[in-house]
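These notes concern the structure reproduced below.
Where a number appears in this text, it was derived from the coordinates with a stated rule and is not lab data. Everything numeric here is computed off the predicted structure, so don't read it as measured data. So basically every Cβ, Gly included, is an ideal-geometry build from the backbone, and we count neighbours across all protein chains shown.
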Amino acid sequence: MSSKTAARVVTSTDFASSDLFSAHGFFLLETTLTPALFAADAKENWKQHCVRCHGADGKGVTKMGRKLKIRDLTQERTQKRLADDDIADLLASGYKDNSGEERMPAFRDKLSPEDRAALAVFVRSLKNGPSP
Ligand code: HEC
């Protein structure tokens, strides 16, 4: 059932509800369902493109992570370094060290802007430890 169908069920079965309540119910369904759909995609992309360096849990405890001295993405300190937009930008352009050597690849050609934005949200979720 799509979120729109669900919203219609709520509004048509609840005659006592005011228009405002219906609109609010619809809003809630939209906002609670959408991030979940995003998260599934982002998690797939995370597994496919990021885990080999950052590790499934984002702590960076991998061979590559040690070699590249990757920061622990679950730490508050790391999370605070970057705004959401910065993360999305970083995913587009990758990361080079001061000598111009590539350390994190650019994902501009592999991930759409929507995918990158969703991954930025996913990276935020790592702060509270790995999701199931
Ligand atoms: C080849 C290894 C590699 C891959 C693959 C990789 N990264 Fe990175 N990532 C790095 C390195 C190196 C850094 C810079 C060091 C650091 O800040 O941890 C970095 C930094 C980051 C940072 C910023 C941390 C900070 O504080 O500056 C984020 C967020 C991030 N990566 C997310 C991702 C996501 C999401 C993906 C998958 C789309 C990904 N990375 C794929 C190596 C990688």
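What the table below lists for this structure:
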{"item": "Distant-in-sequence amide H partners of Arg103 (H built 1.01 Å from N, under 5 Å)", "result": "Tyr95, Lys96, Asp97"}
{"item": "Cross-link partners of Lys63 among aspartates and glutamates (Cα-Cα below 15 Å; sequence separation of 8 or more within a chain)", "result": "Asp72"}
{"item": "Potential extension, Ala106-Arg71 segment - 0.36 nm per residue separation minus Cα distance", "result": "10.8 nm"}
{"item": "Vicinal HN-Hα couplings computed from phi for region 78-89 (Karplus, 6.51 cos²θ - 1.76 cosθ + 1.60; Hz; Gly/Pro x)", "result": "5, 4, 6, 5, 10, 7, 3, 5, 4, 5, 4, 5"}
{"item": "Protection proxy ranking, peptides 93-99, 105-111, average beta carbon neighbours within 10 Å, highest first", "result": "105-111, 93-99"}
{"item": "Nearby lysines by direct alpha-carbon distance to Lys59 (threshold 29 angstrom, same-chain neighbours under 8 apart not counted)", "result": "Lys43, Lys47, Lys67, Lys69, Lys80, Lys96, Lys110, Lys127"}
